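Student: Let me begin by handing over the structure; questions about it come next.
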Amino acid sequence: MILPDYYEFCCRVKIVAGHDALEKIPALLAEMGSKKPLIITDKGVAAAGLVDIVVNALKDGVTIGGIADNVPPDSDLKVVNQLAGLYRDNACDAIIAVGGGSVMDTAKGVNIVVSENATDLMAFSGAGALNRRLKPLVAIPTTAGTGSEVTLVAVIKDHEKHQKMLFTSYVLLPNVSILDSRMTMTMPPFITAMTGMDALSHAVEGYYCLQKNPLSDAHSLAAVNMIHQYLSTVTQNPSDKEGRLAMAVGACLAGISFSNSMVGIVHNLGHATGAVCGVPHGICMAVLLPYGLEYNMHKCGDTIAELLLPMAGEEVYRTTPKAERADKVVSLIRQMNQDLNAITGGRHARYFSEVKDRDGKQMVPRDVLPAIAKAALLDGATIYNPEDQDYEENLLVLEAAWEGKPLDRSKIKKG
Amino acid sequence: MDLTNGFAFTCPFKTNSGNKALENLPVELAGLNAFKPLIITSRPLAGCRAISTLKNAFGDSGMTLGIFDGVTETADLSVVEQIRDIFVKGQYDSIIALGGGVVVDVAKIVNLAVSQKVADARQLSPATAIRDPLGPFIVIPTAAATGMETSKYAFLQGKSFVSVHLMPDLVILDPRLTRAKDGKAVAEAGFAAFGRILEADIAPDRNPLMHAYAFTALRFLRENLADAVNKRCNKKASLAVANAVAMSGCVISNTDQNVLHRLGQVFQKIVHVHPGMIIGMCLHPFLDDCMKKDSSLIASLLLPLGGDDKYAAMPEAGRAGEALRDIYEFSYEIYRSLKGKIPRTITEAGIQQYLMNDVMDIINQEPDGAYLRTMIDRVGGGSIKA
C-alpha cells in the first residue's frame, strides 16, 4: 500500500445503518441536545411515502417542528430563506433532510442561515468562510448514489441574480447519516440502476484520481465490491432488503472516497453533458465510466487493475493475466451497463445515442458533442484527473461514448 | 460482511499525514475557528526537538501560542487543574497535544475541563457527563504514541474517561516527529495497534466503515513495522506505522471486541508496561481460540496481510492457516530482531508476584474474567502465580 508524501482524509459524519436505523434518530438527536427537528424534503420523496416512514419512526421520540416538502429539483435561495423562517418560527433545534442532492444542499443552506443568523448567504460562500459548528443536521438519503450525505459542499442557486453559490466547509458535513433499507425499497429499477452507477463512478474515480490516499482507497475497494455484487440484483428485485442496505452502505463508502480523493474526467464530461443536454447525472456517469477508465489507462492501469479483485472475486482475478486485469475491469463495467439495460427493458442507457427523454426524443444529438466538449473545459473536475484533457480529447471520448465503441487509445495525447 | 443487524460508526478526526504536515496548522486551526492554541506536551517525553519543530511550524502566521511542557508520567488531575488555570487566564481557544500516552490523556481531560467550564478540574471524575462537543483539539503524536491518543478513552491515575467527544478534531502525522529513538518503542506501539485492530476486524459484528480503517492499518503494519523497527532511518516506514497506530484509535472506539486491549490496559495500569508488550504476547493464544470458533473470519485477514495475489492464489480452505502463519512469521521476525528487548512471556518480563496478584484482582472483576485468566496463564502468568 502506497503512503503518499502528503495526504488528508476526513469524514466526521456518524454513519448509522440498518433496517431499522430510522428508529435510532430520537436518541441520536437527544445526544446532540435536540428534540424539535424540522424535516426538509421534496414532493417526490413525500409522495413516495418515505416521509411518512420517517415520521412514524420518530413518533413519540421527538416533537416534529415542521415538515417542508417544497424543495425544488434545483436548489433555490428563496426556498432556503423561507425554510429558515419556518425553522425559526417553530423554534426548531435540528434539521432532518430526507432526499437526494438538492434536498441535502437546501438543508445545508438553511443550516447556514439559522446557525450563522445570516441575512446574506453569499457572505458565507467559497471555502474557509464557515468555521463554527452549525445546528445538528441528520441526513437521510433516499437514493443509493449521490453520496451527498457525507459531502462537505452545498450549491445554492439565486435564480433572481442568476448566481450559483458554492459552499465548502467541514462544518457542512451532516452530523449523522442514516442509511435505512426502507428509504430505497420503492425506488424504480431505472432510477436504482442509474443512481447505483453514479455510486460506482464515485468509487472508481475516487480510486484513480490524484488526491487518492490509503483511506480513500480502502473505502473505494469496499464500495466497488458491494456495488458490483448488489446493483444488478436490487435492480432486478427491488424489495431485496439486504441488497438495498448493502447498496446504501456501498454508495456511502463511495461518497466518502470521492469527497476525499476527488473525481476526474467521468464527472467532468458528465457535468458538462448534464448542463448542455439536461441528461440525469447518473446516466452520464453510467455511460462515461468505462471511457474514463480507458482514457486514464496508460497513466494508472496498475491502479485500475487493483479493482478487479473486489469487483469480480478471486477466481476471475486469478485466471486473468496481470496485463489484462485493467481491461477486464472496464469490460465488467460495460457488462454491468448491459445487464442493467436488459433488466430495465432498455431504459438504462449504455451509450449517449441511447439516452431518450420521456417523449422518446434523443437527449444528446450528435451535433451537440462539440458544445459539451467545450463546456467541460470550464469544469473544475479536470484538475484531479490523472491525464490532462483538452477539447479534442474531450470530443474523442464523447464521440466514442455516443457510439458505444471502445475508445481509440492511440489518439490520446500522452502527457 | 453481514449487515442484517445494522451498525453505527464514527471517526470524528481528520488525518493530515506527510511532509510538512505541521505547517498547515495555522490554516487547520482557523478552520476550527481557533486562533490562540495552548500546546500541551512534555519536554522529557516528547523531546525539545519536537517542541521546537512544532513552534517553528507556525512561522510567520502571527498566531499567539502558549506552551505547557511539564506533563510527567505521574501527572494527575492536579496537573490538569494547573493547565486549566493557564488556559483560562491566558484566554486560549484550543488545545494541541504533542506526544503520546499520558500527554494526550492530560490534554483530553484539560479540554473537557475548559470546554465544560468546570471551576476546578480536580472535581472531574469518570461519572462526569460529556454530552456536548468539546473545544478544538488537535493531537500530534510522536513515536511515544500508544494508539489511544486518537481514541475516545482517556486514563489518568486510575480514572477512566470515555466519550466520543474526547477524540481529537485533527491528528497530524509528520515524519519529523514520528521516528522513534529505539526499535522497542515502535514494536510495542505496532503490536498494540495490530492486536486491537485485528480483534475488531475478525469480530462477527465488524462493519464496512470500520473495516476500511482496519484494512489500511493492518496492511501498513504488515508492510512497514519490521522496517520501522530495524531501519530507524526509514522515515516512510515509521510514518506508515504512525498512521496505523492513529487509525487503531478510531477502530478501538468503534468496537466492543477488546479482550487484547483490556489485557494491555490492565498491565499498563498495574505494572506500568506498554500495552503492546502484553498484546504481543497474547496474540497467538488469542488467535488460536478465534481459529477454533470461526476460521472464516481469520481467513479474511489474509487479504490485508498477504496482499491480493497471495489471497487470490490460496484456496479458501487454506486461507485461515496461511493468515495465521503470516502473523506468526511477522511477529517472530520483530521479536527476533529486537533480541529479547521485548519479553515474549510474563515469566520473561519478570513481573513480580504481588503485581500479578493485583492484575488478577482486576481481571477477576471482569465479566469474562475466567477467559482472561486462561489467556494470562498461557503466556506464562500461571507459572508466576504458582
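The values are calculated or read from the model by the stated rules, or taken from the named source; none is laboratory data. The structure displayed is predicted, hence computed values, not measured ones. Neighbour counts run over all protein chains shown; Cβ positions are idealised from the backbone, glycine included.
Student: Name the single residue, out of those in the stretch A:1-11 being at the interface with chain B (Cβ under 7 Å from one of its Cβ atoms) and part of a loop (DSSP other than H, G, I, E, B), that is surrounded by the most Cβ atoms within 10 Å (Cβ to Cβ).
Tutor: Among those residues, the one meeting the criterion is A:CYS11.
Student: Identify all residues within the stretch B:214-236 that are part of a helix (DSSP H, G or I), more than 9 Å from every other protein chain (Cβ to nearest Cβ) and over 18 Å from B:GLY276 (Cα atoms); write none if there are none.
Tutor: B:LYS235 - this is the single residue of the stretch B:214-236 that is part of a helix (DSSP H, G or I), more than 9 Å from every other protein chain (Cβ to nearest Cβ) and over 18 Å from B:GLY276 (Cα atoms).
Student: Yes or no: A:TYR208 over 17 Å from A:ALA144 (Cβ atoms), among the hydroxyl-bearing types (Ser, Thr, Tyr) and surrounded by 24 or more Cβ atoms within 10 Å (Cβ to Cβ)?
Tutor: Spelling it out, A:TYR208 is indeed over 17 Å from A:ALA144 (Cβ atoms), among the hydroxyl-bearing types (Ser, Thr, Tyr) and surrounded by 24 or more Cβ atoms within 10 Å (Cβ to Cβ).
Student: Sort out for me the helices (runs of 4 or more DSSP H) sitting completely within the stretch A:182-286 that have 2 or more residues that are in the same structural domain as A:PHE352 (by TED's automatic domain parsing), farther than 22 Å from A:GLN362 by Cα and in contact (Cβ under 8 Å) with a residue 60 or more places away in the chain.
Tutor: A:189-208, A:214-236, A:241-261
Conditions (1) outside the structural domain of B:SER151 (by TED's automatic domain parsing); (2) of a type in the set (A, V, I, L, M, F, W, C), marked per residue:
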| residue | (1), (2) |
| --- | --- |
| B:PHE9 | yes, yes |
| B:GLY31 | no, no |
| B:ALA34 | no, yes |
| B:THR41 | no, no |
| B:LEU54 | no, yes |
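Student: Would you say A:ASP379 is exposed (fewer than 14 other Cβ atoms within 10 Å of the Cβ), within 22 Å of the chain's Cα centre (by Cα) and within 20 Å of A:GLY282 (Cβ to Cβ)?
Tutor: When the stated conditions are applied, A:ASP379 does not pass them.
Student: Sort out which residues of the stretch B:2-44 are among the β-branched types (Val, Ile, Thr) and surrounded by fewer than 17 Cβ atoms within 10 Å (Cβ to Cβ), and write them in order of number.
Tutor: Hits for the stretch B:2-44 are B:THR4, B:VAL27.
Student: List the number of the failed condition for A:GLY345; all other conditions in (1) of a type outside the set (Phe, Trp, Tyr); (2) surrounded by 19 or more Cβ atoms within 10 Å (Cβ to Cβ); (3) out of contact with any Phe, Trp or Tyr (no Cβ under 7 Å at 6 or more places or on another chain); (4) not in a helix (DSSP H, G or I) hold.
Tutor: Among (1) of a type outside the set (Phe, Trp, Tyr); (2) surrounded by 19 or more Cβ atoms within 10 Å (Cβ to Cβ); (3) out of contact with any Phe, Trp or Tyr (no Cβ under 7 Å at 6 or more places or on another chain); (4) not in a helix (DSSP H, G or I), A:GLY345 violates only (2).
Student: Let me ask something else about it. Quickly run through the stretch B:80-101 and pick out the residues that are in contact with a helix residue (DSSP H, G or I) (Cβ under 6 Å, 6 or more places away or on another chain) and either surrounded by fewer than 18 Cβ atoms within 10 Å (Cβ to Cβ) or aliphatic (A, V, I, L, M) (or both).
Tutor: B:VAL80, B:ILE83, B:ILE95, B:ALA97, B:LEU98
Student: Considering only the stretch B:329-368, how many residues are loosely packed, with under 13 Cβ neighbours inside 10 Å and of a type in the set (Gly, Ala, Ser)?
Tutor: Selection size over the stretch B:329-368: 2.
Student: Answer yes or no: is there a residue in the stretch A:105-119 that is acidic (Asp, Glu), in the same structural domain as A:LYS161 (by TED's automatic domain parsing) and touching a helix residue (DSSP H, G or I) at 6+ places or on another chain (Cβ under 8 Å).
Tutor: So far as the stretch A:105-119 goes, yes, one or more of its residues are acidic (Asp, Glu), in the same structural domain as A:LYS161 (by TED's automatic domain parsing) and touching a helix residue (DSSP H, G or I) at 6+ places or on another chain (Cβ under 8 Å).
Student: When you check A:VAL249 against the structure, is it β-branched (Val, Ile, Thr) and touching a strand residue (DSSP E or B) at 6+ places or on another chain (Cβ under 8 Å), yes or no?
Tutor: yes
Student: Additional query: With (1) outside any loop (DSSP other than H, G, I, E, B); (2) away from every other protein chain (no Cβ under 14 Å) as the list, and A:THR143 as the residue in question, which single condition is left unmet?
Tutor: (1)
Student: Further question: Note down all Cβ pairs under 8 Å where the first residue falls in the stretch B:351-362 and is assigned to a helix (DSSP H, G or I), the second is surrounded by 11 or more Cβ atoms within 10 Å (Cβ to Cβ) and aromatic (Phe, Trp, Tyr), and they're at least six residues apart or on different chains.
Tutor: The qualifying pairs are B:VAL359/B:PHE267.
Student: Out of all the residues in the stretch B:11-35, which are in a loop (DSSP other than H, G, I, E, B), at the interface with chain A (Cβ under 7 Å from one of its Cβ atoms) and on the phi < 0 side of the Ramachandran plot?
Tutor: Within the stretch B:11-35, B:CYS11, B:PRO12, B:ASN19, B:LEU32 meet the criteria.
Student: Right, here's the next one. Output the qualifying pairs, or none if there are none: Cβ atoms under 9 angstrom, residues six or more apart or on different chains, first residue in the stretch A:26-52 and at pLDDT 95 or above, second residue assigned to a helix (DSSP H, G or I) and of a type in the set (Asp, Glu).
Tutor: Cβ pairs passing all conditions: A:ALA46/A:ASP52.
Student: Taking the options B:ALA8, B:ALA46, name whichever one is more than 14 Å from B:VAL171 (Cα to Cα), within 14 Å of chain A (Cβ to nearest Cβ) and either of a type in the set (A, V, I, L, M) or within 20 Å of the chain's Cα centre (by Cα) (or both).
Tutor: Sole residue among the options that is more than 14 Å from B:VAL171 (Cα to Cα), within 14 Å of chain A (Cβ to nearest Cβ) and either of a type in the set (A, V, I, L, M) or within 20 Å of the chain's Cα centre (by Cα) (or both): B:ALA8.
Student: Taking the condition under 21 Å from the mean Cα position of the chain (by Cα) and either more than 14 Å from every other protein chain (Cβ to nearest Cβ) or crowded, with 18+ Cβ neighbours inside 10 Å (or both), does A:LYS43 pass?
Tutor: yes
Student: Additional query: Condition (residue is at pLDDT 95 or above, within 14 Å of chain A (Cβ to nearest Cβ), touching a strand residue (DSSP E or B) at 6+ places or on another chain (Cβ under 6 Å) and over 19 Å from B:SER42 (Cβ atoms)) applied to the stretch B:136-146: is it met by at least one residue?
Tutor: Yes, the stretch B:136-146 has at least one match.
Student: Hey, any hits in the stretch A:91-100 for a residue that's of a type outside the set (Ser, Thr, Tyr), outside any helix (DSSP H, G or I), on the phi < 0 side of the Ramachandran plot and at pLDDT below 95?
Tutor: yes
Student: Considering (1) more than 14 Å from chain A (Cβ to nearest Cβ); (2) buried (at least 20 other Cβ atoms within 10 Å of the Cβ), say which one B:LEU65 fails and leave the rest.
Tutor: (2)
Student: Follow-up question, since we're still on this one. Just to verify a result, which residue in the stretch B:184-213, among those that are of a type in the set (Val, Ile, Thr) and away from chain A (no Cβ under 14 Å), is nearest to B:GLN257 (Cα to Cα)?
Tutor: Step by step, filter the stretch B:184-213, then rank; the result is B:ILE202.
Student: Right, something else. Mind checking which residues of the stretch A:305-355 are within 14 Å of another protein chain (Cβ to nearest Cβ) and among the β-branched types (Val, Ile, Thr)?
Tutor: Passing the criteria: A:VAL316, A:THR319, A:THR320, A:VAL329.
Student: When residues of the stretch B:290-316 are filtered for being more than 14 Å from every other protein chain (Cβ to nearest Cβ), touching a residue at least 60 places away in the same chain (Cβ under 8 Å) and part of a helix (DSSP H, G or I), how many remain?
Tutor: Total meeting the criteria: 3.
Student: Quick one: how many residues across the stretch B:252-289 are assigned to a helix (DSSP H, G or I), small (Gly, Ala, Ser), touching a Lys or Arg at 6+ places or on another chain (Cβ under 9 Å) and closer than 20 Å to B:THR150 by Cα?
Tutor: Number of matching residues: 1.
Student: Also, I was wondering about something else. Inside the stretch A:119-138, can you point out the residues that are free of Cβ contacts under 8 Å to residues at least 60 places away in the same chain, buried (at least 24 other Cβ atoms within 10 Å of the Cβ) and not in a loop (DSSP other than H, G, I, E, B)?
Tutor: A:LEU137
Student: Look at the stretch A:19-40 and say how many of its residues are within 7 Å of chain B (Cβ to nearest Cβ) and buried (at least 21 other Cβ atoms within 10 Å of the Cβ).
Tutor: Number satisfying all stated conditions: 1.
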